[in-house]
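Data first, discussion second: the structure below is written as structure tokens.
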């Protein structure tokens, strides 16, 4: 199955090791139906917005999805959801449940990596939510 990631799971980000042995497919973006929020060092995808979120697409198997479900606290915090991509296909993604969105600030660039590099520059320590194990 295809998995769309948009934050710390992307290649080169602090949680990218969780996607091993998934196969990287390509850079992708969602249809303009979402918001990307800064939750204090990590992003959250939220349904019902007007942004096309930039991310990456991976081919993943069921055992890996089971591990990611635990990491993303599915279905309590993030819900694994089938979403539409701008290229006309779909993929699963972890979408933040509405009750958790009140603490997030909108990332207007709709691109976590670009935002993180500007916001968490060398002058501001990056203290993202990164996990070696759960």
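For the stretch 35-51, taking the residues that are free of Cβ contacts under 8 Å to residues at least 60 places away in the same chain, within 15 Å of residue 94 (Cα to Cα) and surrounded by 16 or more Cβ atoms within 10 Å (Cβ to Cβ), the one that is nearest to the chain's Cα centre (by Cα) is identified as 45.
Among the residues that make up the stretch 86-102, is at least one of them touching a helix residue (DSSP H, G or I) at 6+ places or on another chain (Cβ under 7 Å) and either at pLDDT 95 or above or not in a loop (DSSP other than H, G, I, E, B) (or both)?
no
Residue-wise test of (1) under 19 Å from residue 109 (Cβ atoms); (2) in contact with a strand residue (DSSP E or B) (Cβ under 7 Å, 6 or more places away or on another chain).
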| site | (1), (2) |
| --- | --- |
| 2 | no, yes |
| 20 | no, no |
| 26 | no, yes |
| 31 | yes, yes |
| 34 | yes, yes |
| 37 | yes, yes |
| 42 | yes, no |
| 50 | yes, no |
| 55 | yes, yes |
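The values are calculated or read from the model by the stated rules, or taken from the named source; none is laboratory data. Note that the structure is a prediction, hence the values are computed from the model and not measured. Don't worry about glycine lacking a Cβ; one is built from the backbone with ideal geometry, like all the others, and counts go over all protein chains shown.
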